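*Asks:* Below is the structure I would like to discuss, written out as structure tokens.
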Amino acid sequence: MIRRAYSLVAPLLAVLAGCAAPTAPVVDVVTPASEPLYSPGRVKPGRLEYAPDRSTFAPVLTERFTYPTQPEANAAYRRLVASAPAQGHYPASVWLFGCKPGGLDEETARVTRYRSPVVHCATDYLDAAGGRLRRETANFYYYGVVWNMQPVHPPLTAAPWFNREASPKDFWWWVPGRPRYE
């Protein structure tokens, strides 16, 4: 009985769904071009590294890994601003200061390493004159043959512990030959 009612209602719903008003097509504001993946030749403190196209990486790099260059980071920022609401006021550009592999988790403020190119960078937000407005952390990840930017706002205080329980005491810790952890 239920199957028969469902078989009669389903075609009716399909016909009515076809009568719905058409939605506006989704238009991509900025069509990204393909961006190559670059990694610095070596990481040496106090030495600025260049990509093969002569663009620069961030001045401070922690290890040899795949990083966005300064123009790629700005292109990722422009794509982020193009998809943001228009009523906001946004800085003119970004400048990478220091980068490290891994993505910064916004909730736990821990860095997670990934196999794919994901880095978190100390990012300077600049005004139109090139003056620094603020420095914040942002994740950059390579997806869809372009670098993408994800602003991160980690917590500024440590997470509170609900039940602080002490470690169990071992009164026989001094006896030789006992395992360290039981």
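The values are calculated or read from the model by the stated rules, or taken from the named source; none is laboratory data. All of these numbers come straight from a predicted model, not from anything done at the bench. Virtual Cβ from ideal backbone geometry, glycine too; neighbours counted across all protein chains shown. Protein only, heavy atoms only, side chains kept; ligands, DNA and RNA dropped before computing areas. Shrake-Rupley method; radii C 1.70, N 1.55, O 1.52, S 1.80 Å.
*Asks:* Quick check on the stretch 48-64. Is at least one of its residues among the aliphatic types (A, V, I, L, M) and at positive phi?
*Replies:* Within the stretch 48-64, none of the residues are among the aliphatic types (A, V, I, L, M) and at positive phi.
*Asks:* Could you tell me which of the residues 59, 52 is closer than 17 Å to residue 142 by Cβ, open to solvent by 20 Å² or more (accessible area, probe 1.4 Å) and either touching a strand residue (DSSP E or B) at 6+ places or on another chain (Cβ under 8 Å) or acidic (Asp, Glu) (or both)?
*Replies:* Within the list 59, 52, the selection yields 52.
*Asks:* Of all strands (runs of 3 or more DSSP E) completely enclosed by the stretch 70-174, which ones contain at least 1 residues that are out of contact with any strand residue (DSSP E or B) (no Cβ under 7 Å at 6 or more places or on another chain)?
*Replies:* 132-143, 146-151
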